[in-house]
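Peer 1: Got a structure here, written out as structure tokens. Questions coming.
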There are 2 protein chains.
Amino acid sequence: MTKDKIANQFKVLQADIVSRLEIIDGTAMFKSDAWDRVEGGGGITKIIEKGSVIEKGGVAFSAVHGPVSEVMKSQLGMKGDSFFATGVSIVLHPINPHVPIIHMNIRYFELDSGEYWFGGGIDLTPHYIVEEQARHFHIGLKKICDKYSVHFYDSFKKGADDYFFIPHRNETRGIGGIFFDHQNDKTSGITKDNLFDFCIELGTEFPNLYNEQVIQGKNKPFTEDELNWRNLRRGRYVEFNLVNDRGTKFGLLSGGRTESILMSLPANATWEYNKQIEENSKENATLKLLKKGIQWV
Amino acid sequence: MTKDKIANQFKVLQADIVSRLEIIDGTAMFKSDAWDRVEGGGGITKIIEKGSVIEKGGVAFSAVHGPVSEVMKSQLGMKGDSFFATGVSIVLHPINPHVPIIHMNIRYFELDSGEYWFGGGIDLTPHYIVEEQARHFHIGLKKICDKYSVHFYDSFKKGADDYFFIPHRNETRGIGGIFFDHQNDKTSGITKDNLFDFCIELGTEFPNLYNEQVIQGKNKPFTEDELNWRNLRRGRYVEFNLVNDRGTKFGLLSGGRTESILMSLPANATWEYNKQIEENSKENATLKLLKKGIQWV
């Protein structure tokens, strides 16, 4: 499994996901934006805006290489002279407050020293948590994980709880999902080929997992108050991405392509000082579930 | 000049600024939110929302003390066992795109070792830069600086250019202003009393400096396109505050009061993927001026 083959399959996966998301949206088409990286490599960022279901989102592919910079050494602890990295990352912000925001990322790193690892994750951020849908989402992820290792779901589910957490709000970003990093044949207990297959299967199942969420919510009517709540939750999403997300911080610090990194931001977001939520509201019911350690399965 | 006297005067200054901003706004009144810090001290956050001129903003006072934490040692290079810090900070987001966003901060630090310093700054972020108004703003700041030291304006103006800069966008936040840190009798060349007077004068002149900007813009009619541009520029303001602003990052990391720290965020902000600006537009004229090193005076 060479790095070129991995990058190539990731690119094919991007195209596949895009065509399936266009069917899920039903109206909007993705626009393609190819870019080169001065130090080596490049990517294709595919963007959807003003769809019927998805208000703003992107499916990004990149395959970059070059010398290991000081920032990479200090922030990622990367040991080596040159690196190769390829990945697919997705964030989708729906219009309807009853459809969740979703994020997916799979990535592969390789150093000239021969060291390699896979990382990635999928997590769901409902504006309003529907417990049955949250369970369904986690069951879907567990099913994929279990095909590859009995350890994956428990370990990666905890990884998501820990990673998709906003310390300054003391809340999780949403209902979590899975998050993993530094997985190779030594750390994961499965072969490189199997790890690669696991990542591809996550990507392939991603449109199905999201569609199950979309069909539950896309036709629900919504009020002005629910839109306002969606916009406040988008504000939290912006906070997580700009303050806490390691990928975003590393990307911006290391001179990555700003527009591709920040495609994860919503079309809009709002903030209200010290917003008070009524005790018996459905908004508060959601807030109470934004915590680590809930066993959805 | 004891720390208690400084804190007390800062608190008086907060009240003074608030009453003058209420006159400038003409409709909205600030709401007061007092809070305590578990480790010692507390603050009063005063918030204005949905005014005639100011859509969202705050004038915050705090005076906190306690042991120097690991984060303070590593991120601020603070040497000592315990610290005292007091300050006033302000961010105002106006409704009208022809009125600039403004920020002011003055702060005083003291360590048990006896070391002390003042820091602070004022910077202006017009959605549309009017060169004459930018000049006027800088002349006003220079006038205050020159009363205390012939070195202040040049040095602190450069400080603002460097500090209020968004590297991942390669643009300054606005037209800058002044920014200074670690000023004491050794580093500034003036006495502690004079440094304190300088900070108080900045605070006292702040409402006048802002009012001069407000009266030029508040009655100008604006279009939907200009509102959209304002919202995009607010997005950049959010990016600076959450990604680049050291005060925000330190505050959130060190367990500061989240709502008081994030009072700097606008009521809303928008993002568009890779937004293209027409070459001969007034938006582009503003973008061209978002760079370091412009000599406005």
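Peer 1: Under 8 Å for C-alpha pairs, at least 6 residues apart: give me the relative contact order for chain A, rounded to a whole percent. Intermediate results must be reported in sequence, preceding the final value.
Peer 2: Values: 526 pairs, mean separation 51.6, N = 297.
RCO, chain A: 17 percent.
Peer 1: Here's something else I'd like to know. Can you find, among A:Ile6, A:Trp35, A:Ser52, the residue farthest towards the positive end of the dipole of the range A:1-66? Put +1 on the C-beta of Lys and Arg, -1 on that of Asp and Glu.
Peer 2: Selected residue: A:Ile6.
Peer 1: How far, in degrees from 0 to 90, does helix B:3-25 lean away from the longest principal axis of the Cα atoms of chain B, to the nearest 10?
Peer 2: That works out to roughly 20 degrees.
Peer 1: Can you tell me the orientation of helix B:152-163 relative to chain B, as the angle in degrees between its alpha-carbon axis and the longest Cα principal axis, to the nearest 10?
Peer 2: 70 degrees
Peer 1: How long are the semi-axes of the equivalent ellipsoid of chain A, defined as square roots of 5 times the Cα gyration tensor eigenvalues? Whole Å, largest first. Mind showing how you got there, number by number?
Peer 2: Working: eigenvalues 186, 85, 75 Å².
Listed largest to smallest, the semi-axes of chain A are 30, 21, 19 Å.
Peer 1: Which one, A:Pro126, A:Asn170, A:Gly77, projects farthest toward the positive side of the charge dipole computed for chain A from Cβ point charges (K/R +1, D/E -1)?
Peer 2: Farthest towards the positive end: A:Asn170.
Peer 1: Looking at chain B as a GNM with Cα springs under 10 Å, which of B:Arg236, B:Arg257, B:Arg107 has the largest mean-square fluctuation?
Peer 2: The residue with the greatest mean-square fluctuation here is B:Arg257.
Peer 1: Using Cα centres only, tell me the gap between the range A:40-82 and the range A:190-213 in whole Å.
Peer 2: 19 Å
Peer 1: Turning to a different aspect of this structure: What are the label-to-label distances in nm, one decimal and shortest first, from B:Val297 to the same spot in the other copies, with labels 7 Å along Cα to Cβ?
Peer 2: Reported distances to equivalent positions: 6.5 nm.
Peer 1: Okay, moving on. Kindly write out, for the range A:257-267 in residue order, the coupling ³J(HN,Hα) from the Karplus curve 6.51 cos²θ - 1.76 cosθ + 1.60 (θ = phi - 60°), rounded to whole Hz, with x marking Gly and Pro.
Peer 2: Coupling constants for the range A:257-267: 7, 3, 4, 6, 5, 8, 4, 6, 7, x, 4 Hz.
Peer 1: Moving on. When a/c is below 1.5 the answer is rounded, else prolate if a/b is larger than b/c, else oblate, so apply that to the range B:12-151 with a ≥ b ≥ c taken from the square roots of the Cα gyration tensor eigenvalues. Show your work: numbers first, answer last.
Peer 2: Numbers: a/c = 2.40, a/b = 1.45, b/c = 1.65.
Oblate is the answer for the range B:12-151, as a/c is 1.5 or above yet b/c matches or exceeds a/b.
Peer 1: Picking from B:Gly57, B:Gly247, B:Gly140, which is most flexible by a Gaussian network model of chain B using Cα springs under 10 Å?
Peer 2: So, out of B:Gly57, B:Gly247, B:Gly140, the one fluctuating most is B:Gly247.
Peer 1: Among the residues of chain A, which one places its Cβ closest to the rotation axis that maps chain A onto chain B, and what is that distance in whole Å?
Peer 2: A:Leu242, 2
Peer 1: Here's another thing I want to ask about it. Over 32 Å apart: what share of the alpha carbon pairs of the protein assembly as shown falls there, rounded to a whole percent?
Peer 2: Numbers: 88306 of 176121 pairs.
Roughly 50 percent, rounded to a whole number.
Peer 1: Then there's this: Taking N as the number of residues in the range B:1-64, what is its Cα Rg relative to 2.2 N^0.38 Å?
Peer 2: Values: Rg = 13.1 Å, N = 64, 2.2 N^0.38 = 10.7 Å.
Computed over Cα atoms of the range B:1-64, the ratio equals 1.23.
Peer 1: Can you compute 3J(HN,Hα) from phi for each residue in the range B:201-218, using the Karplus curve 6.51 cos²θ - 1.76 cosθ + 1.60 with θ = phi - 60°, rounded to whole Hz and x for Gly and Pro?
Peer 2: My calculation for the range B:201-218 gives 5, 4, x, 5, 7, 3, x, 5, 4, 6, 4, 4, 6, 4, 5, 6, x, 5 Hz in order.
Peer 1: Here is a follow-up. Starting from the Cα of B:Lys275, draw a straight line to each of the aspartates and glutamates and keep only those under 20 Å, dropping any in the same chain fewer than 8 residues away.
Peer 2: A:Asp33, A:Asp36, A:Glu49, A:Glu55, A:Glu259, B:Glu171, B:Glu224, B:Asp225, B:Glu226, B:Glu239, B:Glu283
Peer 1: Using the Cα centre as the reference, give the magnitude of the dipole from point charges on the C-beta atoms of the protein assembly as shown (Lys, Arg: +1; Asp, Glu: -1; all else neutral), rounded to the nearest 20 debye. Write out the running numbers ahead of the final one.
Peer 2: On the way: 72 positive and 78 negative charges, 0 e Å.
Roughly 0 debye for the protein assembly as shown.
Peer 1: Then there is this: Compare B:Ala63, B:Ala34, B:Ala160 in a GNM of chain B, Cα atoms joined below 10 Å, and give the one with the largest fluctuation.
Peer 2: B:Ala34
Peer 1: Still on this structure, please answer the following. What nm distance separates the two modelled labels at A:Ser155 and A:Phe250, each placed 7 Å from Cα along Cα→Cβ?
Peer 2: Going from the A:Ser155 label point to the A:Phe250 one covers 1.8 nm.
Peer 1: Across the residues of B:216-222, average count of Cβ atoms on other protein chains within 10 Å?
Peer 2: On the way: counts 0, 0, 0, 0, 0, 0, 0.
Mean inter-chain Cβ contacts per residue within 10 Å come to 0.
Peer 1: Per residue of B:272-284, count partner chain C-beta atoms within 10 Å of its C-beta, then hand back the mean as an integer.
Peer 2: Numbers: counts 7, 15, 11, 1, 0, 0, 0, 0, 0, 0, 0, 0, 0.
The shielding value for this peptide is 3.
Peer 1: So how do B:Thr187, B:Thr270 line up by other beta-carbon neighbours within 10 Å, fewest first?
Peer 2: Values: B:Thr187 13, B:Thr270 21.
Going from least to most buried by this count: B:Thr187, B:Thr270.
Read-outs: derived from the displayed coordinates by stated rules, not from any lab. Here the structure is a predicted model, which is why all the values come from computation and not from measurement. Cβ sites come from the backbone with ideal geometry, for glycine too, and all protein chains shown count toward neighbours.
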